[in-house]
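Enquirer: I have a structure here, written as structure tokens, and I will follow up with some questions on it.
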Amino acid sequence: MAKAKANAGNMPGEELLLDYASGALPEPVSVLVATMLALRPDLRKTVSEMEAVGGYLLEEIEPAALSDDAFDAILERIESSDMPDETSANNDNSAPSDAATVAAVPEPLRSYLGRPLSKLAWRKRGPGIEEYRLPVSDKRFEMSVLRLGPSRSVPTHSHEGSELTLVLDGAFSDAAGRYARGDLAVNGEEDQHAPMADPEDGCLCLAITGGPLRFSNPLIQLYDRMTRG
Amino acid sequence: MPSRRSIYNAKNVAGLRNRPEIEKFFPAIDPSLCRDRIPTVMFEQANLETSSRELEYAPSEALQPVRTSKRVGRLILKMTHDQLIEAIAESQDKMAFRQLFEHFAPRLKSYLLRLGADPATAEDVAQEAMVMVWRKAASFDRRQAGASTWIFTIARNKRIDRLRRERRPELDPEDPGLVPAAEPAPDRSLQDTQARRHIASAMRALPDEQAELVRRAFFDDESHSRIAEESGLPLGTVKSRIRLALTRLRHEMKEFE
């Protein structure tokens, strides 16, 4: 099964999934992980197993005493309000719905884009390379969608901290191998990688760089990957 | 003292299928409400231990004092947590909500305290999470997650929202852009308690230090750096140990599947 590799026990990227399941990740990284999960049923299963551990730990925890009127207070709260639709709390309703964007970009990233791929404020970063910088609330991070034409290559670049790259559409390759839709590449600060887009389909990917991603032990993170092998 | 405790043994209770019998022993139960559910019936008596037996259906209106031939006590019809959430979804059942609240709200408060909230905030956020449980009950799907897992994820997201003032981005299971699983999710309803037992055994099978690291991975904010700070271990070591613990945990869980 193609899933075997991603499910292998010693997969370093599993920490990222654990931090997502436990709620420890900052918002931009959560956007990337949740979007990756939308593309990866195998990893969704891993995350729900981790969440089940969270559910177990909740059962196991020593309960803390509530104030005496706690239940009366909550009854008042649920009786005084109708049932507002909370389901949209996570995602904006401004998600673009054109076919091309829906096909390439799942939720929650689609809502964060806010408009169709064709109408984003793309900036040229080189021949055949375009970047759209997403606004982020957490200024420690930079989050971009990158669009590479067929066989286009990102020049060897350096970044502060590590870089997470999720393939949304198409594929790219670097020294560590090929990354297809739903695959994640984690590169440390020191990495000299020169990713090249697929010769036919090019590549659309989401990249996050940032200080807190500067994993303390860069040796562990070199060529960390979460591909399906 | 089994003879005194089991005033309704399994056969007795299961045998109470016709209306006069049910009305005699369980006056609060309307047989027309009976459905194919299997909750637990507990008969609580003063000075006696609780006995619990399976019965076909337990509407929460039956939480009333009952009198049987010789003994007086309180009949508690205890649904599983999954069933309580479903009762809220179906009929805004406040008694069901109360049972859920009494079980989970003190645990949620404790969870939030461990994550560094002050007591007033912890209680307030626990309350808000329980309000979400009430409101979102209709979206609960026991095939996706058991009650405690579902409530954990609600509280986790509420905490991010309230204490970190960030949004919690989640995938949308209805999204046309979502890549569906090749095989449908297994129905966990039958195995929910089993699954919980498996996690419990898996956790117990971990060395103490690793179990504690897994706990801290869930109960400490800011990921692993604080664990490293407090345990005096290099961050890389903490991470690799958590990874090891997770690997073992998942291996143990698979053993039971």
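Enquirer: What is the number of the single condition among (1) under 18 Å from B:THR153 (Cα atoms); (2) within 13 Å of chain A (Cβ to nearest Cβ) that B:MET95 does not meet?
Expert: (1)
Enquirer: Condition first: more than 8 Å from chain A (Cβ to nearest Cβ) and either open to solvent by 20 Å² or more (accessible area, probe 1.4 Å) or at pLDDT below 95 (or both). Now tell me which residues in the range B:124-139 satisfy that.
Expert: Residues satisfying the conditions are B:ASP124, B:GLU128, B:ALA138.
Enquirer: A further question follows. Failed condition for A:PHE141, given (1) aromatic (Phe, Trp, Tyr); (2) open to solvent by less than 30 Å² (accessible area, probe 1.4 Å); (3) free of Cβ contacts under 8 Å to residues at least 60 places away in the same chain, with all others met?
Expert: Just one mismatch for A:PHE141, condition (3).
Enquirer: Of all residues in the range A:22-34, how many are more than 7 Å from chain B (Cβ to nearest Cβ) and in a helix (DSSP H, G or I)?
Expert: 4
Enquirer: Please enumerate the residues belonging to the range A:190-214 that are assigned to a loop (DSSP other than H, G, I, E, B), open to solvent by 10 Å² or more (accessible area, probe 1.4 Å), out of contact with any strand residue (DSSP E or B) (no Cβ under 6 Å at 6 or more places or on another chain) and at pLDDT below 75.
Expert: A:GLU190, A:GLN192
Enquirer: Just for helices (runs of 4 or more DSSP H) wholly inside the range B:184-257: which have at least 3 residues that are at pLDDT 70 or above and away from chain A (no Cβ under 11 Å)?
Expert: Helices (runs of 4 or more DSSP H) meeting the threshold: B:208-219.
Enquirer: Give the range A:10-21 a look and list any residue that's in a helix (DSSP H, G or I) and either in contact with a Cys (Cβ under 6 Å, 6 or more places away or on another chain) or more than 7 Å from chain B (Cβ to nearest Cβ) (or both), or say none. Full working, then the answer.
Expert: Step one: filter the range A:10-21 for residues in a helix (DSSP H, G or I), giving A:14-21.
Across the range A:10-21, the qualifying residues are A:LEU16, A:LEU17, A:TYR20, A:ALA21.
Enquirer: For A:GLU51, indicate whether it is in contact (Cβ under 8 Å) with a residue 24 or more places away in the chain and facing chain B (nearest Cβ under 7 Å). Steps first, answer last, please.
Expert: Details: in contact (Cβ under 8 Å) with a residue 24 or more places away in the chain: yes; facing chain B (nearest Cβ under 7 Å): yes.
Against the criterion (in contact (Cβ under 8 Å) with a residue 24 or more places away in the chain and facing chain B (nearest Cβ under 7 Å)), A:GLU51 qualifies.
Enquirer: Just to be sure before I move on: is A:LEU146 under 19 Å from A:MET196 (Cα atoms), surrounded by 16 or more Cβ atoms within 10 Å (Cβ to Cβ) and in contact (Cβ under 8 Å) with a residue 12 or more places away in the chain in the structure I sent?
Expert: Yes, satisfied.
Enquirer: Further question: In the range B:140-149, which residues are at the interface with chain A (Cβ under 10 Å from one of its Cβ atoms), without any contact (Cβ under 8 Å) to a residue 60 or more places away in the chain and over 23 Å from B:ARG162 (Cβ atoms)?
Expert: B:GLN144
Enquirer: With respect to B:GLY116, is the statement that it is at pLDDT below 95, of a type outside the set (S, T, N, Q) and assigned to a loop (DSSP other than H, G, I, E, B) true?
Expert: Spelling it out, B:GLY116 is indeed at pLDDT below 95, of a type outside the set (S, T, N, Q) and assigned to a loop (DSSP other than H, G, I, E, B).
Enquirer: If we scan the range B:100-110, do we find a residue that is open to solvent by 10 Å² or more (accessible area, probe 1.4 Å) and not in a helix (DSSP H, G or I)?
Expert: No, because not a single residue in the range B:100-110 is open to solvent by 10 Å² or more (accessible area, probe 1.4 Å) and not in a helix (DSSP H, G or I).
Enquirer: Right, next: Is it the case that some residue within the range B:113-123 is touching a Leu at 6+ places or on another chain (Cβ under 8 Å) and open to solvent by less than 10 Å² (accessible area, probe 1.4 Å)?
Expert: Yes - at least one qualifying residue is present in the range B:113-123.
The values are calculated or read from the model by the stated rules, or taken from the named source; none is laboratory data. From a predicted model like this one, the values you see are computed outputs, not experimental measurements. Glycine gets a Cβ as well: all are built from the backbone with ideal geometry, and neighbour counts include every protein chain shown. Remember, those area values only see protein heavy atoms, side chains included, never the ligands or the DNA or RNA. Shrake-Rupley method; radii C 1.70, N 1.55, O 1.52, S 1.80 Å.
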